[in-house]
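In what follows, a single structure is set out as structure tokens and then discussed.
We did not get these values from a lab; they are worked out from the coordinates using the rules stated. All of these numbers come straight from a predicted model, not from anything done at the bench. Cβ coordinates were reconstructed from backbone atoms using ideal geometry, including for glycine residues, and neighbour counts include every protein chain displayed.
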Amino acid sequence: MKVFIIALAVFFSTGSIFFAATPVWAIHQGIPCYDCHKLLSESRDQFDGSAQASQLANTRVCLTCHGADQDQSGLNPPYVLNKTAPLPAGGSFSPTLFLDNLGHNILSPGENLGFTPPGGDTLPDFGCLSCHDAHDNGNYRNLKREIHGRSTIVQAVGDPDGRRNLYISGMDQFCNACHQQTDPESGAQARAGLPHHPVGVTIYGADNADFRNWMEKPRKLCLVEHPYGNVDDPYNAKVFCLSCHYAHASSFPNALRWDPQSNRGCLECHDSEQE
């Protein structure tokens, strides 16, 4: 099967997606070291030396480019704090400034959770550099290559505007590095009694999925993972963590892609008459 390693998403009236190659993981190349490190030094001077304060200082430096109301770089970076700017592929952290249960919060610990991810162990701190490296590391979007001793290599491609990603492999393992009780291979999910939708499952042939119903949806809310990099191959498309959740945050609880009161996303793969 032909593999498409691709990045620029162009949407046509048919809803098809086409991509062109670009090394989006190397986006920080060419930026003078001094630009970021000067800002980092100034930011850290405003905080004490605790791990939480250091993480917050790092995050504020990231937001000088990745915050829609701060960016003056002219580099067209994805805006992870955005008010009116187009929503990036990972979602926006902006809603968590007002309600804590809408996703990851990079600017303050959650009022209820602190630094404890659902289904995981308490962390000493949390911010942009909990998931990303500041420097180019060869992993997609500079995502960390290892978290808590687990390999977190991600294969994916995306458009230069950061609006749409094509995921190939690795995101389930990346998420499970912190949300460990959602890892089906660990057995922790069953021991904890944690309700969790299966991931890594091919929609075609799945007992509880309606493949035809999913195929007939022209504009889908849910993403799928394409393990061969081919967006035109529905038979190998898999449900994964980001099928239902944004990586950053959203306007809905738990960073969901849709209002859970509507069941719209659920009914893409599950016919309303099933079960």
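Among the chymotrypsin sites (Phe, Trp or Tyr not before Pro) found in region 91-158, those both in a DSSP coil and sparsely packed, with 12 or fewer other Cβ atoms within 10 Å of their Cβ, are Phe98. Taking Lys and Arg as +1 and Asp and Glu as -1, the other residues whose beta-carbon sits under 13 Å from that of Thr59 total +1.
Note that region 192-257, at 10 °C in a medium of 1.306 mPa s, gets a Stokes-Einstein diffusion coefficient of 122 µm²/s from its Kirkwood radius over C-alpha pairs.
How about region 223-275: which chymotrypsin sites (Phe, Trp or Tyr not before Pro) there are in a DSSP loop, with at most 15 other Cβ atoms within 10 Å of their Cβ? Within region 223-275, the qualifying chymotrypsin sites (Phe, Trp or Tyr not before Pro) (loop, at most 15 other Cβ atoms within 10 Å) are Tyr228. Neighbour counts of other Cβ atoms within 10 Å put Ser130, Ser41, Ser243 in the fewest-to-most order Ser41, Ser130, Ser243. Shape summary: region 10-269 maps onto an equivalent ellipsoid whose semi-axes, from the alpha-carbon gyration tensor, are 30, 23, 17 Å in decreasing order.
By count of other Cβ within 10 Å, fewest leading, how are Arg150, Arg219 ordered? So the ranking, lowest neighbour count to highest, is Arg219, Arg150.
Taking amide H as placed 1.01 Å from N in the peptide plane, the amide H of His132 sits under 5 Å from that of Lys144, each at least 5 places away or on another chain.
Fewest Cβ neighbours within 10 Å first, please rank His135, His248, His28 accordingly.
In order of increasing Cβ crowding within 10 Å: His135, His28, His248.
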